[in-house]
Amino acid sequence: MFKKIINTFGTKIIAALLNLLIAIVISRTLGDMGKGVQSLMLTTITFILIFSEIVCGESVVFLTSRHSFSKIFVPSVLWSLLISVVMGVGMLLVPSGMSADIVLHVALLSFIACASAVNFRFLIGKEEIKKANYNTLLQPVLIVTTVVVYYVLLRKNDIYGYIIALYVAYIGSFLLGVWMLREEYRQMQFFPLTAYKQVLSDLFKYGFLNQTGHFVQFFNLRLNYYLLYAYMDEGRVGVYSNAVSLAEAVWIVSNSIALVQYARISNTNDRAYAQQLTLQLCKICLLVSACIVMVLALLPAQLYTLIFGSDFVEMASTIRLLAPGVLLYCIFLILGHYYSGTGRYQMNTFAALCGLVVTCLLGFTLIPRMDIHGAAITATVAYSVNALFLLVFFLRETHLPWKSFLLTKAELRMYVAECKNYFLKTDTHE
């Protein structure tokens, strides 16, 4: 499992660096306004995926060992197509701030992204972590290649270069997933509608519970973008989104650990093992994440303007305000995957609801007065509430004291030994 975590972490680090390069190219080419449009477009795709993934989201991971690929794939893709069409029409009828052609691109890209995600999640459900990581890595590789060609080599300066890049990335990722699951696709079967009854019931049951939490958490994490757009303009969204992207890079550690953790817990019925595994992984996550947060908080404003351009001078102060909440949110990510892996998605939903209440109360108050700094303070408080909610319930469930989350010297020595074994290749066990 340690090797799977390291492999996932390495993949996400490379992906993060590529995403940083994408942000730099777009920021320097299109400025804060163009970066704001790109952020709003990508955020809207994420919003549509929340509804698509009621059927083809994390529930696919949970049900991979319980249903065949054929029975999962068909309803997942049909549902995602339906949602993309409905949401696309809805955005055309209700003004969203985006032009009609961009809305159509957003709807179509959402469908392709969801089809690709089905392959990815089925790989995770099979604990094919390396294959899933390579599939994930392909997207930023294709995006950065297309973006560099369009903006740097062809010297164009419109948002359509990024749209083309998303098409290339999502289609490429889907095709790679098809190749990785080629045996499942070769054995693809189509059943009578009645044969899908049980799998549809399971997908909706677990998916609805999980995506309700994701729906609430989406607004908890991204409502600030829309509030900044409403009270300020796209430029402020651009600056804030770059700061958030860098601060949330800390979650690479948590997400790398949680991906493997979720796959492992989903395939075991031993609750005590799942609790102990979660506790140990949470300690590792906090240790590494704290080091990264300190580095980010110490970087000077001049570095950000050098990299992104003069429009982004406020990134440094915004990241410092985000740092405490980003670190505490790592606890939410690990504990949240424990509850998801044991089928109790409602716990994440309740935690997200608490955070959303905070986001609404503070966001509508602070953002009009303090601009992006108000958005950062709002996010930090909301992230902290998310984490503390799950932490309290986890401690009550396990009857563990608060100090159990503190790292001991023996555990630190064990983690160092694991790292030495892995990097020096002295241990061949998973």
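The requirement of being open to solvent by less than 60 Å² (accessible area, probe 1.4 Å), of a type outside the set (Gly, Ala, Ser) and outside any helix (DSSP H, G or I) is fulfilled somewhere in segment 97-104, by at least one residue. Summed over segment 262-286, the residues that are assigned to a helix (DSSP H, G or I), open to solvent by 30 Å² or more (accessible area, probe 1.4 Å), touching a residue at least 12 places away in the same chain (Cβ under 8 Å) and closer than 24 Å to VAL61 by Cβ give a count of 5. One residue stands out in segment 325-349 among those that are under 19 Å from the mean Cα position of the chain (by Cα) and open to solvent by 40 Å² or more (accessible area, probe 1.4 Å): the one that is farthest from SER256 (Cα to Cα), namely GLN346. Quick check: is even one residue across segment 387-402 more than 26 Å from GLY34 (Cα to Cα), under 19 Å from the mean Cα position of the chain (by Cα) and at pLDDT 90 or above? Within segment 387-402, one or more residues are more than 26 Å from GLY34 (Cα to Cα), under 19 Å from the mean Cα position of the chain (by Cα) and at pLDDT 90 or above.
As a summary of the residue check, PHE191 satisfies the conditions (1) out of contact with any Leu (no Cβ under 9 Å at 6 or more places or on another chain); (2) over 26 Å from GLU127 (Cα atoms); (3) surrounded by 14 or more Cβ atoms within 10 Å (Cβ to Cβ); (4) among the aromatic types (Phe, Trp, Tyr) except for the one numbered (3). Check segment 287-301 and report whether any residue there is part of a helix (DSSP H, G or I), in contact (Cβ under 8 Å) with a residue 60 or more places away in the chain, open to solvent by less than 20 Å² (accessible area, probe 1.4 Å) and not acidic (Asp, Glu). No, that holds for no residue. Tallying residues that are over 20 Å from the mean Cα position of the chain (by Cα) and not hydroxyl-bearing (Ser, Thr, Tyr) within segment 127-162 yields 12. Among the residues examined, LEU108 qualifies as open to solvent by 50 Å² or more (accessible area, probe 1.4 Å), closer than 19 Å to VAL178 by Cβ and at pLDDT 85 or above.
Within segment 186-206, the residues that satisfy the criterion of being outside any helix (DSSP H, G or I) and polar (S, T, N, Q) are GLN187, GLN189. Tallying residues that are under 29 Å from ARG271 (Cα atoms) and either open to solvent by 10 Å² or more (accessible area, probe 1.4 Å) or in a loop (DSSP other than H, G, I, E, B) (or both) within segment 350-367 yields 3. Do you know which residues across segment 19-78 are open to solvent by less than 30 Å² (accessible area, probe 1.4 Å), more than 23 Å from the chain's Cα centre (by Cα) and within 19 Å of VAL148 (Cα to Cα)? GLY31 - this is the single residue of segment 19-78 that is open to solvent by less than 30 Å² (accessible area, probe 1.4 Å), more than 23 Å from the chain's Cα centre (by Cα) and within 19 Å of VAL148 (Cα to Cα).
To keep it simple, each residue is scored yes or no on (1) over 23 Å from VAL385 (Cα atoms); (2) out of contact with any Leu (no Cβ under 9 Å at 6 or more places or on another chain).
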site: TYR226; (1), (2): no, no
site: SER241; (1), (2): no, no
site: ARG264; (1), (2): yes, no
site: THR305; (1), (2): yes, yes
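The residue that is farthest from VAL178 (Cα to Cα), counting only those in segment 78-96 that are among the polar types (S, T, N, Q) and in a helix (DSSP H, G or I), is SER84.
The values are calculated or read from the model by the stated rules, or taken from the named source; none is laboratory data. Model, not experiment: these values are computed from the prediction. Counting neighbours? That spans all protein chains shown, and the Cβs are built from the backbone with ideal geometry, glycine included. For the accessible areas, the whole protein counts, side chains as well, though only heavy atoms, and no ligand, DNA or RNA atoms are used. Shrake-Rupley method; radii C 1.70, N 1.55, O 1.52, S 1.80 Å.
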